[in-house]
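One structure below.
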Amino acid sequence: MARAKANGIEIEYETFGKKTDPAMLLIMGLGAQLTLWPDDFCEGLAKRGFFVVRYDNRDVGLSTDFESWGKANLPRAMLMATIGLKPGAPYKLDDMAADAVGLMDALVIARAHIVGVSMGGMIAQIVAAKYPQRTLSLVSVMSTTGRRSLPRGKPEALRVLLSRPEGKDRETLVQFGMNVRRVIGSPGYQMPEAEARRNVERNIDRRYYPPGVSRQFLAVLASGDRVKLLPTIRVPTLVLHGEDDPLVNPAGARDTAQLIPGAVLQFYPGWGHDIPPGMVPVLVDRIALHSTGVTAQAT
């Protein structure tokens, strides 16, 4: 892995494939480190002819954190968002989109296919809308428009997203992480227990940092919806979502596809709010097909 200075912060990143191939920038979701992009997924896309870049968003993993800003008051922020007000925040999703473009600058990438998951999908949408000259295509995965009237996720999924472990010892953190996976994971593509545990341990050992997760969630609340922004997107767009996503209601994907001109929408039964091994080859094939077609048209 490596680190780059971008948009006034330092961003930890990793690349796969040949730099001479078309670039594909992967943007992860809320509180998720770059390691949540499965290695097989990144390597699969690299083998399909893409220069793949995955990175830690600000305030998570090994990228710059915003500890000096202090703790986020999420109950107050959520109340404000419920009544249509935007809470104060150290940064917004627009700043995180600028991070993505800044990383492209640091890596001398003129244009890239932008792929974002969950909150990363929101950031990817902003990149495609506000930096069209840097965007070859957009893939919005298990994400939404942020429209307040949309159905919410299942209560148990929302609760686990906002909950915290009862202790700080490693085993308590691992069990907490395992429970999160069970609640938001894919009922049709369940990961073997031992493999799930290895993945949870890998991320905890790399860095466990709840304050950054809270500030990222605050950024989502402070940024509002993208209902007016999405119709301005002109790059080829693919919207992917699981029919069994308990955290982000599939209605968010429908709204996204309806607002972006020409967007293609595809649902998958049994897929929840993760990237399980069984979905990796499916997603690699679908994203590669979308992006390869765009690259061919651009050359």
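The values are calculated or read from the model by the stated rules, or taken from the named source; none is laboratory data. Keep in mind that what you see is a predicted model, and the values were worked out from it rather than measured. Here the Cβ positions follow ideal geometry from the backbone for every residue, glycine too, while neighbour counts run over all protein chains shown. Calculation scope for accessible area: heavy atoms of the full protein, side chains included, ligands and nucleic acids excluded. Shrake-Rupley method; radii C 1.70, N 1.55, O 1.52, S 1.80 Å.
Name every residue in the range 138-193 that is basic (Lys, Arg), surrounded by fewer than 16 Cβ atoms within 10 Å (Cβ to Cβ) and in a helix (DSSP H, G or I), in order of residue number.
Matches in the range 138-193: 159, 170, 182.
Please work out which one of (1) of a type in the set (D, E, K, R); (2) at pLDDT 95 or above; (3) surrounded by fewer than 21 Cβ atoms within 10 Å (Cβ to Cβ) is the condition residue 12 fails and give its number.
(3)
(1) open to solvent by 30 Å² or more (accessible area, probe 1.4 Å); (2) part of a helix (DSSP H, G or I): which one isn't true of residue 274, the others all being true?
Failed condition: (2).
Taking the range 253-267 on its own, how many of its residues are assigned to a helix (DSSP H, G or I), free of Cβ contacts under 8 Å to residues at least 40 places away in the same chain and buried (at least 17 other Cβ atoms within 10 Å of the Cβ)?
2
For the list (1) open to solvent by 70 Å² or more (accessible area, probe 1.4 Å); (2) in contact (Cβ under 8 Å) with a residue 12 or more places away in the chain, I need the number of the one condition that residue 113 fails.
Answer for residue 113: the failing condition is (1).
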